[in-house]
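Colleague: Could you have a look at this structure, given as structure tokens, before my questions?
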């Protein structure tokens, strides 16, 4: 019998998909794929971060609105006494890619993308250690 996934598990897995997409696209970009731009890579990085924060909120049984605002999601964590080591400012900066990055040109370089991918990889490992520790 197949078990049902909990919301936090779904969000965590979907975050992994976005992170993997960012990693693959970034690798292709660095290797010269001129049909890619950094905005789409950062969009997936932002989506992974957002889903990881939402997974942590869900794991802690905290309701959250359907928003993309990283600062608000982090504030919800703090308001609910969820203490977790985050690089808040960097995560908040990713918020520009939730909506604006889809339609506007935001200039960053691939070295920034590399740093953010590493940040989200570490965040994913840390959150995974928390939400799957009791299994």
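Condition check ((1) modelled with pLDDT of 95 or more; (2) on the phi > 0 side of the Ramachandran plot; (3) loosely packed, with under 14 Cβ neighbours inside 10 Å; (4) in contact with a strand residue (DSSP E or B) (Cβ under 9 Å, 6 or more places away or on another chain)) across all residues:
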site: 20; (1), (2), (3), (4): yes, no, yes, no
site: 23; (1), (2), (3), (4): yes, no, no, no
site: 36; (1), (2), (3), (4): no, no, no, no
site: 39; (1), (2), (3), (4): no, no, no, no
site: 63; (1), (2), (3), (4): no, no, yes, no
site: 83; (1), (2), (3), (4): no, no, yes, no
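Colleague: While we're here: From 11, 73, 52, 56, grab the single residue that is buried (at least 18 other Cβ atoms within 10 Å of the Cβ), without any contact (Cβ under 8 Å) to a residue 40 or more places away in the chain and assigned to a helix (DSSP H, G or I).
Modeller: On the way: 11 fails: without any contact (Cβ under 8 Å) to a residue 40 or more places away in the chain; 52 fails: without any contact (Cβ under 8 Å) to a residue 40 or more places away in the chain; 56 fails: without any contact (Cβ under 8 Å) to a residue 40 or more places away in the chain.
It is 73.
Colleague: Tell me which of these residue 95 doesn't satisfy, since it passes every other one: (1) surrounded by fewer than 13 Cβ atoms within 10 Å (Cβ to Cβ); (2) at pLDDT below 85; (3) in a helix (DSSP H, G or I).
Modeller: Evaluating residue 95 over (1) surrounded by fewer than 13 Cβ atoms within 10 Å (Cβ to Cβ); (2) at pLDDT below 85; (3) in a helix (DSSP H, G or I) leaves (1) as the failure.
Colleague: Can you name the residue in region 76-89 that is without any contact (Cβ under 8 Å) to a residue 24 or more places away in the chain and not in a loop (DSSP other than H, G, I, E, B) and, of all such residues, is farthest from residue 117 (Cα to Cα)?
Modeller: Residues of region 76-89 without any contact (Cβ under 8 Å) to a residue 24 or more places away in the chain: 76, 78-81, 83, 88-89.
Retained after the next criterion (residues that are not in a loop (DSSP other than H, G, I, E, B)): 76, 78-79, 88-89.
Numbers: 76: 24, 78: 24, 79: 27, 88: 15, 89: 15 Å.
My answer is 79.
Colleague: Among the residues of region 100-108, is there at least one that is at pLDDT 90 or above and either in a helix (DSSP H, G or I) or surrounded by 22 or more Cβ atoms within 10 Å (Cβ to Cβ) (or both)? Let's see the steps before the verdict.
Modeller: Here is the first cut: in region 100-108, the ones at pLDDT 90 or above are none.
Taking every residue of region 100-108 in turn, none turns out to be at pLDDT 90 or above and either in a helix (DSSP H, G or I) or surrounded by 22 or more Cβ atoms within 10 Å (Cβ to Cβ) (or both).
The values are calculated or read from the model by the stated rules, or taken from the named source; none is laboratory data. Here the structure is a predicted model, which means the values were calculated and not measured. Neighbour counts are summed over all protein chains in view; Cβ atoms, including those assigned to glycine, are modelled from backbone coordinates with ideal geometry.
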